[in-house]
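Take a look at the structure set out below.
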Amino acid sequence: AQSVAQPEDQVNVAEGNPLTVKCTYSVSGNPYLFWYVQYPNRGLQFLLKYITGDNLVKGSYGFEAEFNKSQTSFHLKKPSALVSDSALYFCAVRDQTGGFKTIFGAGTRLFVKA
Amino acid sequence: NAGVTQTPKFHILKIGQSMTLQCTQDMNHNYMYWYRQDPGMGLKLIYYSVGAGITDKGEVPNGYNVSRSTTEDFPLRLELAAPSQTSVYFCASRATGAIETQYFGPGTRLLVL
């Protein structure tokens, strides 16, 4: 069965500092991995995805994520946080065998302090 | 393209009443999904559809029904509403192909009192 874990309910970072939002996953086959962001009273917006190839994936708004197969992780990173990055972040996984379902983590709230 | 649209944005429902949440997408996507989002619980899949006329249950289907008569529309029906159905409901769609990204609507906030 597929599952996603986001071990931190909230991450607090000072503006200008690097940020990391953690995600680990479990799938029976090879994964497709996604990060989405949700701003207050809005739907989820796509940030980036890992399909295959380079383990470092670059996405929107300066975010990137590192795929680590041995640790089954897909952590979201940004070198320098902005106050406007404060939002709820979701990691998601889909099995490459063509599953219809995408499994989402519980979400991590990122708070960037000025 | 408008993307994925949902109506209403907010609704208060009395216990035992029924209502339909509307979802429409204009991207000609075959796959459509309904999720509910509860605080601290992430997204739970209610129902999904892989094309017109084909629907299937997700993780939490009890108390809900869906239909998919067209590619564009995927309404979610709540029968005999209960307080446990108070939540934010998101509709999403994506193109066929496992690598495709899901696109989400803005959500419907439902309060059952």
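Here, each number is a calculation from the coordinates, and none is a lab measurement. None of the values given here were measured: they were computed from a predicted structure. All Cβ positions, even for glycine, are placed from backbone atoms using ideal geometry, and neighbour counts span all protein chains on display.
Listed values, structure above:
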item: Rg/Rg_globular for chain B, with Rg_globular taken as 2.2 N^0.38 Å and Rg from C-alpha atoms; result: 1.00
item: Simple spin-label estimate for B:T70 and B:M19 in nanometres, 7 Å along Cα-Cβ; result: 2.3 nm
item: Calculated from backbone phi, Karplus (6.51, -1.76, 1.60) coupling profile of the stretch A:9-19 in Hz, x at Gly/Pro; result: 5, 9, 10, 10, 9, 7, 4, x, 8, x, 10
item: Average beta-carbon neighbours from other chains, 10 Å sphere, peptide A:84-92; result: 1
item: Spin-label model distance (nm) - A:E15 vs B:N1, 7 Å beyond Cα toward Cβ; result: 3.5 nm
item: At 1.002 mPa s and 20 °C, Stokes D of the protein assembly as shown from Kirkwood alpha-carbon radius, µm² per second; result: 119 µm²/s
item: For the stretch A:43-114, Kirkwood radius (reciprocal of mean inverse C-alpha pair distance, Å); result: 13.5 Å
item: Potential extension, B:S84-B:L111 segment - 0.36 nm per residue separation minus Cα distance; result: 8.8 nm
item: Cα-Cα over 19 Å, subset of A:K49/A:K113; B:K14/B:K57; A:K58/A:K78; A:K113/B:K9; A:K101/B:K44; A:K113/B:K44; result: A:K49/A:K113; B:K14/B:K57; A:K113/B:K9; A:K113/B:K44
item: Amide H partners (placed H, <5 Å) of A:S86, local residues excluded; result: A:V112
item: Extreme residue, positive dipole direction of chain A, given options A:T108, A:S73, A:N41 (C-beta unit charges); result: A:N41
